[in-house]
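Here is the structure we will look at.
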Amino acid sequence: MVTILVTGATGNVGRHVVDLLVKEGVRPRALTRNPDKAGLPADVETVKGDLTKPDELPLDGVTAAFLLPVLEGDRAADLARAFLERARDLRRVVFLSTDAVAVQRPGSNEPHQSVEKVIEAAGVEWTHVRPGEFMSNKMIWAETIRRENVVRAAYPDAIGTPIHEVDIAEVAVRALLDDGHAGRAYRLSGPEALTTRQQVAAIGEGLGREIRYEALTYGQARATLIRDVGLPWDIAEYMMGYYAQFNEEPADLLPTVEQVIGRRGRTLARWAADHAGELSVLN
């Protein structure tokens, strides 16, 4: 009997992994810290657990897992190792990694890479799913879109290739359910290479209204992420570093999503339409 554990089951990607598995006729075991508030389908086995407490995880009978990293200090590799040691029936792991492993900025210390190495040494079938920028990151613009129909950001001509969270989930589900993905590290991008201005226009297209773009300097944009979005300084600086890099070195446009799931990925306009309720004008 196959039992698939989905960690981070209420997150941006994990929730879609759960839904897609259910559509495939699979009853996954969905791991969440608060099952009472998870809001997952009734035919899902929703269980309580915290990846930072591996000794308490309900891993009996788990044969495959969609695994998120625990980005908590320098514990990522140790916690992944503890998870794998306790999951004695585990045969297949699909790990939600990041494209930063493949395209590392000088001096970066990428914890996802250490987790990948732990998984590869565990003696299980593994697949690493390495998305670049999530379209859901565009929610940092949500407040000004709702209130003013405007996006204020740096680097108007920086080229990104953001990916829809559902497309990430679809790749993960294929790797969980189908043979032929073991030992693969899938770098993922969205289907379009768009400048920051074009991304704002695509969001406007999906919402059916014009969204203006106003350029900020690096420092102004970083301050906005800290003050208005609530990001810690180091996270805001980390994100700004990638935007600066995209301004000089466009993000890679990759065919992997279509190769794995058999169709083109969802566009940013589609993402905006999917999230129209969260981006609606405030009266």
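Listing for the model above:
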read-out	value
All positions within region 127-150 that are touching a strand residue (DSSP E or B) at 6+ places or on another chain (Cβ under 7 Å), surrounded by fewer than 24 Cβ atoms within 10 Å (Cβ to Cβ), among the hydrophobic types (A, V, I, L, M, F, W, C) and over 15 Å from Leu254 (Cβ atoms)	Trp141, Val150
Filter result (small (Gly, Ala, Ser) and open to solvent by less than 50 Å² (accessible area, probe 1.4 Å)) within region 216-251	Gly219, Ala221, Ala223, Ala236, Gly241, Ala244, Ala251
Region 198-215 - residue that is assigned to a helix (DSSP H, G or I) and open to solvent by 40 Å² or more (accessible area, probe 1.4 Å) and, of those, farthest from Ser280 (Cα to Cα)	Gln198
Residues of region 260-275 satisfying the condition of being of a type in the set (A, V, I, L, M) and either surrounded by fewer than 13 Cβ atoms within 10 Å (Cβ to Cβ) or in contact with a strand residue (DSSP E or B) (Cβ under 8 Å, 6 or more places away or on another chain) (or both)	Val260, Leu268
Residue within region 99-115 that is closer than 21 Å to Leu268 by Cβ, in contact (Cβ under 8 Å) with a residue 40 or more places away in the chain and touching a Leu at 6+ places or on another chain (Cβ under 6 Å) present	no
Selection from region 151-182 of residues that are open to solvent by 40 Å² or more (accessible area, probe 1.4 Å) and in contact with a strand residue (DSSP E or B) (Cβ under 7 Å, 6 or more places away or on another chain)	Arg152, Asp157, Ile159, Ala182
From the options Ser97, Ser114, residue that is open to solvent by less than 50 Å² (accessible area, probe 1.4 Å), of a type in the set (S, T, N, Q) and under 21 Å from Val171 (Cα atoms)	Ser97
In region 1-21, the residues that are open to solvent by 40 Å² or more (accessible area, probe 1.4 Å) and within 23 Å of Ser136 (Cβ to Cβ)	Thr10, Asn12, Arg15, His16, Asp19
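The values are calculated or read from the model by the stated rules, or taken from the named source; none is laboratory data. Model, not experiment: these values are computed from the prediction. With ideal geometry, Cβ positions are generated from the backbone for all residues, glycine too; neighbour counts draw on all protein chains shown. The area values use the complete protein model at the heavy-atom level, side chains included, leaving out ligands, DNA and RNA. Shrake-Rupley method; radii C 1.70, N 1.55, O 1.52, S 1.80 Å.
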